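Below you'll find the structure, written out as structure tokens, and then a few comments.
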Amino acid sequence: MADGTKRTKRSAGLLLFRRTPTGPEVLLGHMGGPFWARKEAGAWSVPKGEYGDDETPWDAARREFTEELGLPAPDGTTLPLGDTVQSGGKHVTVWAVEGDLDPADVAPGTFTMEWPRGSGRTAEFPELDRVAWFGLDAARGVVVTAQTVFLDRLADHL
């Protein structure tokens, strides 16, 4: 910022969930790009993204769902799951929405970055390289650590 202060990064997302005979499941995305390619634990996330002062968290959550999954954000009753702060300091706000989708229908958005680092070359990567449904216990084992609070809060609502 022009005055030298650092702006807090804010992110918002939608956690899609469905009820199954064995319990609730949530849809998570595996983060795309070379840093996450060989990681599982801590490499899955609620579909979410950053937003600025010109957008509400709710609007950003719906926009990011569409951008990251290539599918429209689901309609339906929302459960506010509140906020958390991730290890890098990013503030994340999430809502849960009940719905269903086939992960095979996902057409993720992409981002461009220099790769390999320092090479001067850029490459394009998917925002999410795969999505999958997880039971809540399995999801706790793979999701970004700070986001487990959203799984706990969803379980409390259900």
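The values are calculated or read from the model by the stated rules, or taken from the named source; none is laboratory data. Since the model is a prediction, treat every value here as computed from it, not as a measurement. FYI the Cβ positions are ideal-geometry reconstructions off the backbone, even for glycines, and counts take in every protein chain you see. The protein model used for the area step is the full one, side chains on, heavy atoms only, and it has no ligands, DNA or RNA in it. Shrake-Rupley method; radii C 1.70, N 1.55, O 1.52, S 1.80 Å.
Things to note:
- When region 32-56 is filtered for residues that are in contact with an Asp or Glu (Cβ under 9 Å, 6 or more places away or on another chain) and surrounded by fewer than 20 Cβ atoms within 10 Å (Cβ to Cβ), the ones remaining, listed by number, are Gly33, Trp36, Ala37, Gly49, Glu50.
- On the stretch given as region 83-111, residues that are in a strand (DSSP E or B), open to solvent by 30 Å² or more (accessible area, probe 1.4 Å) and closer than 20 Å to Lys9 by Cβ total 5.
- Ala132 vs. criteria out of contact with any helix residue (DSSP H, G or I) (no Cβ under 7 Å at 6 or more places or on another chain), surrounded by 12 or more Cβ atoms within 10 Å (Cβ to Cβ) and outside any loop (DSSP other than H, G, I, E, B): no
- Every condition in (1) crowded, with 19+ Cβ neighbours inside 10 Å; (2) within 26 Å of Gly23 (Cα to Cα) is met by Arg140 except one, and the failing one is (1).
- For Arg62, the conditions (1) assigned to a loop (DSSP other than H, G, I, E, B); (2) within 27 Å of Thr20 (Cα to Cα) all hold with the exception of (1).
- Looking only at region 135-158, residues that are touching a Gly at 6+ places or on another chain (Cβ under 7 Å) and part of a strand (DSSP E or B) come to 1 in all.
- Criterion (under 17 Å from Ala146 (Cβ atoms) and either small (Gly, Ala, Ser) or open to solvent by 50 Å² or more (accessible area, probe 1.4 Å) (or both)) met by exactly one of Arg10, Arg62, Arg19: Arg10
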